[in-house]
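A short reminder: the numbers here are calculations on the coordinates, not readings from a lab. Nothing here was measured: the structure is a model prediction, and the numbers come from that model. Note that each Cβ is placed from the backbone with ideal geometry, even for glycine, and that neighbours are counted across all protein chains shown.
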Amino acid sequence: MHEYSIAYDIYATARKAALEHQAIQVKRIFIDIGEMAMVNPDQVEFLFHAIAEDDPFFKGVTLETNTITPVVKCSCGYEGTTLYVCPVCGALPELVRGKEVLVSNIEVEVA
Ligand SMILES: [Zn+2]
């Protein structure tokens with residue numbers, strides 16, 4: 001299950017960051033989800049809460065997901081949001097943004 005491993009990753013990343021910053025509580029986690037990542041943000045959020053539920057670190061935590069618009073880059077120099085065919089030369093451009101799922105920021109409470 002794709003979404004489950006992503007949700008678990010977010011949990012593990014946030015927990016590690018919180019420990020590194022001597023936090024007592026994780027308040028908010030900001031996540032970038034690329035439109036091309038083929039991930040359902042609602043499902044990730046649901047699974048994240050299921051995973052973090054029993055962890056006192058994450059009591060009352062909220063998840064803020066931000067959808068990232070895909071951006072491509074072509075060998076001819078074109079860069080933009082036309083995904084499958086380069087509008088300049090007709091080649092298949094490379095996806096440079098929009099496939100990622102990552103934690104962009106974490107808000108914690110420090111003792
Ligand atoms: Zn091109």
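Per DSSP H run of n ≥ 4, the term is -39500 (n - 2.57); total these for the chain, divide by its residue number, and report the mean residue ellipticity at 222 nm rounded to 500 deg cm²/dmol.
-9000 deg cm²/dmol, from helical runs alone.
Let me check against my output: what whole-number percent is the relative contact order of the chain, with C-alpha pairs under 8 Å and at least 6 apart?
Averaging sequence separation for qualifying contacts and normalising by length gives 39 percent for the chain.
Which angle from 0 to 90°, rounded to the nearest 10, does the C-alpha axis of helix 41-52 make with the longest principal axis of the chain?
Roughly 30 degrees between the two axes.
Would you mind ranking 73, 59 by Cβ crowding within 10 Å, fewest neighbours first?
Arranged by neighbour count, lowest to highest, 73, 59 become 59, 73.
Tabulate in residue order the Karplus-calculated ³J(HN,Hα) for region 21-36, using 6.51 cos²θ - 1.76 cosθ + 1.60 with θ = phi - 60°, rounded to whole Hz; enter x for Gly and Pro.
9, 6, 7, 9, 8, 9, 8, 9, 10, 9, 10, 9, 10, x, 4, 8
Please report, in whole Å³, the volume per residue of the convex hull around the C-alpha atoms of the chain.
About 100 Å³ per residue, rounded to a whole number.
Return the long-range amide H neighbours of residue 104 (sequence gap of 5 or more, or a different chain), with a cut-off of under 5 Å between placed amide H atoms.
Amide H neighbours of residue 104: 30, 31, 32.
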